[in-house]
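*Asks:* My questions will all concern the structure given below.
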Amino acid sequence: MSGQAFKDHFSERSDNYARYRPQYPAELFAAIRTHCPEPELALDCATGNGQLAVDLAAFCKRVIATDASAEQIAAAAQHPRVRYRVATAEETGLSDKSVDLLTVGQALHWFDHERFGHEARRVIREGGLLVCASYAVCSVTKEIDRIVDSLYTGLLDPYWPPERVMVEQGYAGIELPGSPLDLGTLAMRADWGVEEMLGYLRTWSATKRYRKDRGVDPVGMIAEQLVEAWGDETRSVTWPLAVRASRLG
C-alpha cells in the first residue's frame, strides 16, 4: 500500500456519519488505562467525527485529533481538551517522541501501513501505546441479520473497496510496530430503533458509492423488510470489536 493517496469516502454528509455511528465501549478505555494509566498527550489519527478523541479526553490531559478530511474535522464533536487538525496519519506534524498514546478507530485499513508504522515509531515515546480498533458487521437477530447481509454481501458487494477485507479480518495481516498487547475480548453495543439502523446503513462507504453510481438508495431496497422485521421496539445491536495494540520501545 506504499505511496497510496488519501481516499475520502466520508466527507459527504459528515453530520450523518457523526449521528449514526456506534460508540466505543467503556471496557476499551479501561483496558487502555491498564497499560497507559496517565497519558499526558494522546493522538487520535483519522478521527472522523471525533468520538474516540472525546472519549480519550476523559482520562488524557491533552488530545490531538487529526483527519485528512476538512469536512470531518469541521463536523467533529468539541471538547476543551481536544485540538483538531487536518493532517494524514502518515504525516501528523507532531514532534518526535511526544505522544504517550496513539489511537486509530475504524481507519487503519485506509493507511499506507509502512509509512504509518514509521510515523508511529517517530511520534510515540519509549514505552508508549499504539491501539488500533475495528468493527465489521453488526448483529441484532437472525432475521434482521439476514436482511442486513442481503445488503452487505448482496447489493453492495461490488461497491466495497478492497480495503474492507482488512476490516473483516480484524486487521490480522497488518504489520504494526512495537510489542503486541492483548486488550481482551470487546464489543460495541447500541440500543437502536429501526430509524437509527437505517441511518447507520446509509453511512457505509459502499452505500454511498452505489448511490453515486446508480442514482438509487440501496438501503431503500431493503428498508421495508427491515422495518417489518424490526418492529416498533428498541433493539440491542452488537459489533464485535477487533483491537490490535502494541507497546513501543
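*Asks:* Please find, among VAL99, VAL86, VAL54, the residue that is among the aliphatic types (A, V, I, L, M), touching a Lys or Arg at 6+ places or on another chain (Cβ under 8 Å) and at pLDDT 95 or above.
*Replies:* After applying the criteria, what remains is VAL99.
*Asks:* A further question on this structure: Restricting to the stretch 4-48, give me the number of residues that are more than 20 Å from VAL237 (Cα to Cα) and at pLDDT below 90.
*Replies:* Total meeting the criteria: 12.
*Asks:* Just the residues that are touching a residue at least 60 places away in the same chain (Cβ under 8 Å) and over 19 Å from the mean Cα position of the chain (by Cα), please, taken from the stretch 220-249.
*Replies:* Passing the criteria: MET221, ILE222, GLN225, LEU226, ALA229, TRP230, ARG235, SER236, ARG247, LEU248, GLY249.
*Asks:* List pairs: first residue in the stretch 200-219 and within 19 Å of ASN49 (Cα to Cα) and of a type in the set (Gly, Ala, Ser), second residue in a loop (DSSP other than H, G, I, E, B) and at pLDDT 95 or above anywhere in the structure, Cβ distance under 8 angstrom, at least six positions apart or on different chains.
*Replies:* Note: pairs meeting the criteria are SER205/TRP160; ALA206/LEU156; ALA206/TRP160.
*Asks:* Further question: Take the conditions closer than 30 Å to PRO162 by Cβ, part of a loop (DSSP other than H, G, I, E, B) and either within 13 Å of the chain's Cα centre (by Cα) or among the charged types (D, E, K, R) (or both) and apply them to GLY48. Does it pass?
*Replies:* So GLY48 fits the description; yes.
*Asks:* So in the stretch 120-137, with the set limited to residues that are of a type outside the set (Val, Ile, Thr) and surrounded by fewer than 22 Cβ atoms within 10 Å (Cβ to Cβ), which one is nearest to ILE73 (Cα to Cα)?
*Replies:* Among those that are of a type outside the set (Val, Ile, Thr) and surrounded by fewer than 22 Cβ atoms within 10 Å (Cβ to Cβ), it is TYR135.
*Asks:* Filter the stretch 195-237 for residues that are in a helix (DSSP H, G or I) and among the aliphatic types (A, V, I, L, M) and give the result.
*Replies:* Listed by number, the residues that qualify are MET197, LEU198, LEU201, ALA206, VAL219, MET221, ILE222, ALA223, LEU226, VAL227, ALA229.
*Asks:* If you go through the stretch 65-124, how many residues are under 16 Å from the mean Cα position of the chain (by Cα) and more than 19 Å from ILE174 (Cα to Cα)?
*Replies:* Looking only at that region, the number is 10.
The values are calculated or read from the model by the stated rules, or taken from the named source; none is laboratory data. Here the structure is a predicted model, which means the values were calculated and not measured. Using ideal geometry, Cβ is built from the backbone for each residue, glycine included, and neighbour counts are taken over all protein chains shown.
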